[in-house]
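Working notes for the structure below.
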Amino acid sequence: MPRGLGDIPDLRLEVLQGFVTKFTMPPELLLMNLFSAKQSPSSTIKWESQTGSRGMTPFVPPGAPAPQTSPHGIAKHSAEAAYWKEKMYFDEEFLNNIRKEGTEQQYLGAQQRLARELAGLVNRSNRRKEWMFAKMLCDGEITYSARSGVKLAVDYDVPTSHAVSLTTNYQWESGTERDILGDIITGKRQVADDCGGKIKYALCTSKVLQYVAQDPAILTLLQKSTFGNGDLFTGSKHGIVGVNPNVLGSLLDIENLVIYDEIYEARSWLTAAVTADSTVAISVDDVSDFEVGGTLRFHDVSAGTYEDEIISAVGTEAGTVTVSTAPSTSYKAGEDYVSMKKKFIPDDKFVMFADKVEGQDIAEYFEAPYGITRRYGLKTDTHEEWDPEGIFIRVQDKGLPVLIQRDAVYTIDVN
C-alpha cells in the first residue's frame with residue numbers, strides 16, 4: 001500500500017473508537033445497562049458481598065458507650081477478570097475502494113460496510129458482557145478462560161433458598177398442583193424478609209410468560225369484574241397473541257416484568273473430521289459456550305447446508321461436544337464449524353431481583369486494565385499486513401460483573 005493506514009480517514013483509531021462509542025450500549029441488551037461500572041486497579045477483581053438487612057440503631061442511656069455493629073453476612077471475594085477479544089480482516093480491494101478519490105459512491109459503500117462490520121464486532125463483544133450478567137443472575141456463577149487456557153469459575157454464593165427448582169407436580173407448564181402466583185409471591189417475600197429489598201425486575205422469556213398468562217388462578221384475578229379494565233389480552237409484542245405483560249406486572253406488583261427473548265450464538269471450528277452416521281464426539285476449538293440440551297448445528301461451508309443434533313454432553317478437558325445422534329453428513333476439520341443458539345434467559349427460568357437495597361446497587365461491573373497502555377473498557381485497534389496487503393481491526397474488553405447483595409436475587413426453575 002503506497003500510503004498507509006494513516007491516510008485513510010475512516011481507519012484512524014479516533015474514528016474507529018467513535019464507532020465503538022456509538023455502538024456501545026445497544027438497547028436490546030438489558031442487563032449490561034442496569035448496573036454501574038467502575039475501574040479496578042488490577043486484573044484481580046476483589047469485592048465484598050453481603051446478605052441480610054442493615055437493622056436499626058439501638059437505644060442507649062446518655063453517657064454510655066456506643067455499641068459496635070457490622071454488616072450482616074459479609075463475604076470477601078477475589079477472581080481474575082475475564083478477557084475477550086476478536087478481530088476482522090479487510091483486504092486490499094476493500095482498502096482501495098474506501099480511499100479511492102473521485103468515486104463517492106464506491107467510497108460511501110466501503111464506509112458503510114466498515115461501519116456495519118465494526119458494529120457487528122462491537123455487538124458481539126457486548127453480548128459477551130451481557131452473557132456474564134445473565135449467568136450471574138440466572139445461575140449464580142460464570143465460567144471463562146484464564147491466561148493459561150484453564151477454565152475459571154466464579155461462584156457468587158447466592159443462598160440456596162433463593163434458587164428454587166420446582167418438582168414435577170408444581171412445574172408451571174403442566175404441574176397438577178402448580179401455584180404460579182404463590183411461587184412468585186413467595187420469592188418476593190423471601191427477598192423482602194432477607195434483605196429488605198423490593199423486587200423491581202422480573203425477567204422471563206415469552207414461553208414462560210405464556211405459562212403465567214394461561215394460568216387459571218391468574219386469569220380469574222384478571223377478569224374485568226375483579227381487576228382493572230380486563231386488558232390482559234391487549235398490546236402484545238412478544239409472540240403471544242394479546243398478552244400484555246404490563247398488566248401481569250401490575251397484578252404481581254413488579255414494576256418491570258420484562259419479556260427477554262434476546263439470543264446469542266456460540267460458534268466453534270471443527271478440529272477433527274466428522275464422519276457421517278458415525279461420529280458423536282465432535283472435536284472443536286472451544287467448547288466453553290455449548291450446553292447440554294442445546295441444539296448443535298453443523299455447517300457445511302462449501303455446500304452452504306446444515307443439519308441439527310441435540311447436545312448430550314460437553315467435555316471441557318477433551319474439547320468435545322457429544323451429540324445424541326451422529327450427523328448424516330461428513331464435515332471437514334478447519335473448514336466447517338458448529339454453532340448453538342441460546343437465549344440469555346433460559347426458557348425454564350423466572351428471575352426476580354431488587355436493583356437496589358437501601359439505595360445501593362445490588363451488583364456492579366468492574367473494568368480491568370489490559371494491554372501495555374492499561375486500557376479500560378471496550379477498545380479497538382488496527383494492525384497492518386504487508387503481504388498480502390490488508391489490515392486487521394480488533395475489538396477487545398476485560399472485566400467482571402460482581403454481585404454485592406447476594407440475597408436480592410431469586411430464581412425459579414419452572415420446569
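Of note:
- Filtered GluC sites (Glu not before Pro), region 304-409: DSSP coil and at most 14 other beta carbons within 10 Å: E317, E335, E358, E389
- For K200, the lysines whose Cα falls under 28 Å of its own Cα, not counting residues fewer than eight places away in the same chain, are K38, K46, K76, K129, K135, K188, K224, K237, K342, K343, K349, K356.
- Spin-label model distance (nm) - A313 vs D387, 7 Å beyond Cα toward Cβ: 4.9
- For the peptides 409-415, 81-87, the ranking by mean Cβ contacts within 10 Å, running from highest to lowest, is 409-415, 81-87.
- Region 265-343 - percent relative contact order, Cα under 8 Å, separation 6 or more: 45
- Dividing the radius of gyration of the alpha carbons in region 265-343 by their Kirkwood radius gives 0.91 for Rg/Rh.
- Loop-resident sites, region 124-212, for GluC sites (Glu not before Pro), counting at most 10 other Cβ within 10 Å (DSSP): E177
- Candidate aspartates and glutamates for bridging to K332, where Cα separation is under 20 Å - those fewer than 8 sequence places away on the same chain excluded: D277, D285, D286, D300, E307, D308, E309
Computed from the coordinates by the stated procedures, all read-outs in this text should not be read as laboratory data. Being a predicted model, the structure only gives us computed values, none of them experimental. Because the Cβ atoms are built from the backbone with ideal geometry, glycine has one as well, and the counts that use them run over all protein chains shown.
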